[in-house]
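Chemist: Input: one structure, supplied below.
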Amino acid sequence: MELIWFSPLRIIGLLLVLVYHFFGDSLPGGFLGVDVFFVISGYLITAHMVHQFETTGTIRLFDFYKRRFKRLLPAVLFMLVLMLPASLLISSDFRAGIGRQTAAVLGWVTNYFEIAMDSSYETKLLPHLFMHTWTLAVDVHYYLVWSLIIRGLVLFCRGPSEGGAKPAALGLPVHILILAVLAAAAAAASYLVMQNWLADPGNNPSRAYFATESHAYPLMIGSLTALFAGFKETGLTRFIGRLGIVLPVFVLLLEAGGIVLLARHLSFEDPAVYHWGILAASLLSSGIILILRGIQGRIKREPAFLKYIADRSFSMYLFHWPLYIIIGQLPRIPPLPGALKTALLNNGNTAAITAALTVIFAQASYVMAEKRFGRHSSGKTKRSLRGRIVPALLGIVFFLGCGYAVRTAPRKTSIEQGFEHETLLLNMDDLYQAEAVLKDIHFDPVQGRDIEWHPAKPSAGWIPVISNRSLDSNFGTVTVIGDSVLLGTSKTLRDHVRGAQIDAEGNRNISQGARIVAALEREGRLGEYVVLILATNKIDGDAAIAERIVKNIGPGHRIIFVTGHGNKDTLPLNEVYRSLAKRYPYVTVADWDGAISPFEYLLSTDYIHMGDPASKRIFAQCIVDALERAKKKPPSGAETSGKDDG
């Protein structure tokens, strides 16, 4: 059965995701478009399977799986074959581990791959080219499990409903009631799994967002919708149909507006998203489907252009993300003309070019992959010899490109290699210092090491003259708590701040840092100087958390906030730091953003982490300067906290 006017709902879901990825600040909750897709998918899969059971008395699992994979696989393969060679245009950091990414895509386990890699859904730092295919993994897991459940039900309720299945309570067939109970139970269980994971504020919400078991409930809501308003007329659809056309359409528009409002006012880090946001978007999508199903006989066929976009929405979703990353990185290719570089540095231009190419590639996928091999293929297409040879040769060229892209991809990014090397040097210093204590000899961590780290040379610019001032252990106890920026320069910082207690971890945010500060203070291990390098990973409420750290810290401490660089999301927090330094005499700002801005070419590919060793020395000197300024200020408790002194 063809359901008309379902195309706009697909398009709403697609536009929400595209705007979210292109202009996240304008639509911070646009990722809810994924849940719109999930509800549609759950509805259509369940409606088709129930319809087949009711009309034939059985479920042909092999045919079902064949149709599903013909729907997904040709388009996915086409995207991989084009995007893998295209990734050769940009930094190899974006291809790090690309073979494992590709295997995860083809194994339909991208969501668990991202969980295993401890990825953040909103990462701005070298995002995986195929991270967006996590949604396909959730879909496929749903197909496999839910189809088996429905097939099992056939054993108990065999035969068409018109002649075989007997009505039960509420005038509904037994199989519908059983499936409704199972779907509702599965939706509730999935929702509770998500709530259980997020009960600990320290847990990464991306884990609950990616996992099938915690994000399956939108699909099950779609399934429930199909059970009460599937392809056959039901009491509910007849009731909606009797309401006329004006009222249902008015309610439908309100529901669509509600989804957009949710996307406008929620953000990924907002706990409300997981408590009720995803659920609300799913229920609103279900409501739209119910109304559309109820008024099917009263509305005219949808315009052709809407169906055109909807038919290609899947391919558009597949291509938009890798294209956006690749095009956004093109300005960093040295041979690129200056005018084109300047144009691409504007995100609006990048988004426009990405959108245009997405439409072109989606059309190519529809014609060359989906119509020939996928769900739109008839299996009877006859092609001339030339019509077969040319695509075959092109396929060979692109497959060779894929192989080359995978074969030459580094195992880890240069940033990860830098982290590992810095940690190795730090651990070696700890071992040497322990040996020196045992032998009662002096060990100089700067002169004592004999290993040097030589990353790629900067592509442009000159190495600035950097002072090599350092602070010895007599300066005072220093505790440094930070994220991956600190992780990449911890050894160099310890060389400049002798005896510093350094605690660095990737993906750490200011909320987690605040808990570490509180724990160290309770244990009496918090240094006199507390350096916080926590501006990279933005979370909601970070400004309030920063102020809470300042207000709650005990007497005898001086706080140094280090500004973030390279991520526009950190700019507001940088201003919060500066405001706190004006209001609290024991707060100092280390302006890393200002120090490195003239020398960005020294940074790594993402323009956030360290690259050339000179960037590490600039960072260390920035901290040293701030510590020397902080020493001239009174510690916490020496004056009335919160006094605004200008």
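The values are calculated or read from the model by the stated rules, or taken from the named source; none is laboratory data. For clarity, every value in this text was computed on a predicted model and none was experimentally measured. Cβ atoms come from the backbone with ideal geometry, glycine included; neighbour counts cover every protein chain shown. For the accessible areas, the whole protein counts, side chains as well, though only heavy atoms, and no ligand, DNA or RNA atoms are used. Shrake-Rupley method; radii C 1.70, N 1.55, O 1.52, S 1.80 Å.
Chemist: In the full protein assembly as shown, how much of Val17 is accessible to a 1.4 Å probe, in Å² to the nearest 10?
Modeler: 0 Å²
Chemist: Compute the semi-axes of the equivalent ellipsoid of the stretch 1-141, taking the square root of 5 times each eigenvalue of the Cα gyration tensor, and list them largest first in whole Å. Present the calculation step by step, with values, prior to reporting the outcome.
Modeler: On the way: eigenvalues 187, 80, 35 Å².
Over the Cα atoms of the stretch 1-141, the ellipsoid semi-axes are 31, 20, 13 Å.
Chemist: What number does the stretch 101-156 give for Rg over Rh if you use C-alpha atoms and the Kirkwood radius? Each step should come with its number before you reach the end.
Modeler: Values: Rg = 14.7 Å, Rh = 12.5 Å.
For the stretch 101-156, the value is 1.17.
Chemist: Please compare each pair in Lys66/Lys371; Lys538/Lys633; Lys232/Lys300 to a cut-off of 24 Å on the Cα-Cα distance and tell me which ones are over it. Walk me through the intermediate numbers first.
Modeler: Details: Lys66/Lys371 15 Å; Lys538/Lys633 29 Å; Lys232/Lys300 19 Å.
From the list (Lys66/Lys371; Lys538/Lys633; Lys232/Lys300), the Cα-Cα distance tops 24 Å for Lys538/Lys633.
Chemist: So if the hydrodynamic radius of the stretch 230-311 is defined as the Kirkwood radius over C-alpha pairs, what does Stokes-Einstein give as its diffusion coefficient at 10 °C and 1.306 mPa s, in µm² per second? If you can, show how the numbers build up before the last one.
Modeler: Numbers: Rh = 14.4 Å.
Diffusion coefficient, whole number: 110 µm²/s.
Chemist: Now a separate question. Tell me which residues come under 5 Å, amide H to amide H, from Arg558 once H is placed; ignore anything under 5 positions away on its chain.
Modeler: Tyr529, Val530, Ser636
Chemist: How large are Rg and Dmax for the stretch 530-646 when calculated on the C-alpha trace, in angstrom?
Modeler: Values for the stretch 530-646 (Cα only, Rg and Dmax): 14.5, 44 Å.
Chemist: Would you work out which of Leu534, Thr570, Pro555 lies farthest towards the positive end of the dipole of the stretch 491-570? Charges go on Cβ: Lys and Arg +1, Asp and Glu -1.
Modeler: Value computed over the given set: Pro555.
Chemist: Each residue of the stretch 576-584 in order: what ³J(HN,Hα) in whole Hz does its phi give by Karplus 6.51 cos²θ - 1.76 cosθ + 1.60, θ = phi - 60°, with x for Gly and Pro?
Modeler: Once rounded to whole Hz, the list reads 4, 4, 5, 5, 5, 5, 6, 8, 10.
Chemist: Which order do you get for Leu283, Leu526 if you rank them by accessible area with a 1.4 Å probe, largest at the top? List each step's numbers first, then the result.
Modeler: Details: Leu283 95, Leu526 20 Å².
The most accessible residue leads, giving Leu283, Leu526.
Chemist: To continue, here is another question. Order Arg71, Arg525 by their accessible area, 1.4 angstrom probe, all chains in place, largest first.
Modeler: Values: Arg71 40, Arg525 125 Å².
Putting Arg71, Arg525 in descending order of accessible area: Arg525, Arg71.
Chemist: Rounded to whole Hz and in sequence order, give me ³J(HN,Hα) for the stretch 346-351 from the Karplus expression 6.51 cos²θ - 1.76 cosθ + 1.60, θ = phi - 60°, writing x for Gly and Pro.
Modeler: 7, 4, x, 5, 4, 5
Chemist: If DNA, RNA and ligands are ignored and the probe is 1.4 Å, what is the ranking of Phe561, Phe23 by accessible area, most exposed first? Write down the numbers at each step before the final one.
Modeler: On the way: Phe561 0, Phe23 85 Å².
Descending order: Phe23, Phe561.
Chemist: Find the all-direction average of the projected area of the Cα convex hull for the stretch 476-607, expressing the result in square nanometres with one decimal place. Intermediate values should be presented prior to the final figure.
Modeler: Details: hull surface 31.0 nm².
Quarter of the Cα hull surface area: 7.7 nm².
Chemist: Roughly how much of Arg583 is accessible, in Å² to the nearest 10, using a 1.4 Å probe?
Modeler: Here the accessible area works out near 60 Å².
Chemist: Using the structure shown, select from Lys491/Lys551; Lys582/Lys632; Lys491/Lys616 the pairs with a Cα to Cα distance greater than 19 angstrom. Let's see the in-between values first.
Modeler: On the way: Lys491/Lys551 31 Å; Lys582/Lys632 15 Å; Lys491/Lys616 9 Å.
Long pairs (Cα-Cα over 19 Å): Lys491/Lys551.
Chemist: Report the local net charge at Ala280: Lys and Arg +1, Asp and Glu -1, summed over other residues whose C-beta lies under 11 Å from its C-beta. Don't skip to the end; give the middle numbers.
Modeler: Values: positive: none; negative: Asp35, Glu255.
For residues surrounding Ala280, the net value is -2.
Chemist: Run the 1.4 Å probe and let me know the accessible area of Glu600, rounded to the nearest 10 Å².
Modeler: 60 Å²
Chemist: Moving on to the next point. For the stretch 146-156, in order, what is each residue's ³J(HN,Hα) by Karplus, 6.51 cos²θ - 1.76 cosθ + 1.60 with θ = phi - 60°, in whole Hz (x at glycine and Pro)?
Modeler: Coupling constants for the stretch 146-156: 5, 5, 5, 5, 5, 4, x, 5, 4, 4, 9 Hz.
Chemist: Give, as a single signed number, the net charge of other residues whose beta carbon lies under 13 Å from the beta carbon of Ile245, with Lys and Arg counted +1 and Asp and Glu -1.
Modeler: Working: positive: Arg242, Arg298, Lys300; negative: none.
Summing Lys and Arg as +1 and Asp and Glu as -1 gives +3.
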